[in-house]
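Asks: This structure is in structure tokens; I'll ask about it shortly.
The values are calculated or read from the model by the stated rules, or taken from the named source; none is laboratory data. Bear in mind that the values here come from a model prediction, so they are computed numbers and not experimental data. Here the Cβ positions follow ideal geometry from the backbone for every residue, glycine too, while neighbour counts run over all protein chains shown. Areas reflect the complete protein model, heavy atoms only, side chains present, ligands, DNA and RNA absent. Shrake-Rupley method; radii C 1.70, N 1.55, O 1.52, S 1.80 Å.
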Amino acid sequence: MTAGMTFGNSAPDASPYADEGPYGTPVVHKKAGLTRRGKVAIAVAGVAVIGGGTIWFQVHSAAVAKDEKEAAALQIQMKQLELEEMRIRNAQASNDKKAAADSAEKIQAAVDKCVKDSSGQIGKGYGSPSRSAVVADCKQQYESLDGSDMAAAGSSQATGSGEGGGINSPALLGLVAGGGLAIAVFARKGKKADA
């Protein structure tokens with residue numbers, strides 16, 4: 001029997017080479033889209049991304065809030081320290097003012113006593129000191145003997161020298177110049193060795 005011919009009620013033989021249509025064997029197309037397994041995988045991945053993003057956002061928000069609270073607490077502590085420093089400075093200034101007033105009163109009392117003691121020599125004869133000369137001598141004597149200005153200058157110089165770290169500028173300058181010279185010599189020797 002030949003392919004495509006039928007006699008009676010018999011069915012034609014199914015031959016793999018038989019043409020079933022005018023253009024050849026029809027192609028069976030699969031349905032476009034994802035399989036059920038692919039859809040489930042995409043759904044699980046989407047839920048994981050959204051859940052992870054939500055958790056990350058909550059953790060990040062909590063960390064930012066904590067950092068802001070710590071910064072605010074630090075600012076409050078800094079303001080408290082500034083206030084305490086201002087109180088200490090004000091107390092020191094009032095103590096210094098009181099000490100200066102006490103010192104001025106002591107000096108004035110000493111000058112007045114000196115003028116009173118020396119008043120017997122004023123105008124006694126030729127070459128005797130005048131009242132203004134006696135007052136100037138007494139002021140010079142007692143204001144230089146007070147020493148509060150010298151003590152203040154000495155204490156400020158002592159605190160200033162303690163903060164310097166013990167390196168004076170000529171020694172530092174010599175150290176830097178020596179280091180620069182050594183680097184220049186080694187660099188020159190390196191160039192000669194390379195050539």
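Asks: Any residue at all in the stretch 75-88 that's assigned to a helix (DSSP H, G or I) and open to solvent by less than 60 Å² (accessible area, probe 1.4 Å)?
Replies: No; the residues of the stretch 75-88 include none that is assigned to a helix (DSSP H, G or I) and open to solvent by less than 60 Å² (accessible area, probe 1.4 Å).
Asks: Can you pull out the residues in the stretch 36-60 that are surrounded by 10 or more Cβ atoms within 10 Å (Cβ to Cβ) and not hydrophobic (A, V, I, L, M, F, W, C)?
Replies: Within the stretch 36-60, Gly38, Lys39, Gly46, Gly51, Gly52, Gly53, Thr54, Gln58, His60 meet the criteria.
Asks: Modelled with pLDDT under 75, open to solvent by less than 60 Å² (accessible area, probe 1.4 Å) and either assigned to a helix (DSSP H, G or I) or in contact with a strand residue (DSSP E or B) (Cβ under 8 Å, 6 or more places away or on another chain) (or both), is that true of Ala153?
Replies: Spelling it out, Ala153 is indeed modelled with pLDDT under 75, open to solvent by less than 60 Å² (accessible area, probe 1.4 Å) and either assigned to a helix (DSSP H, G or I) or in contact with a strand residue (DSSP E or B) (Cβ under 8 Å, 6 or more places away or on another chain) (or both).
Asks: Would it be correct to say that Val134 is at pLDDT below 90 and in contact with a Ser or Thr (Cβ under 7 Å, 6 or more places away or on another chain)?
Replies: yes
Asks: For the stretch 35-43, check the following and say yes or no: at least one residue is at pLDDT below 95 and not in a helix (DSSP H, G or I).
Replies: Yes.
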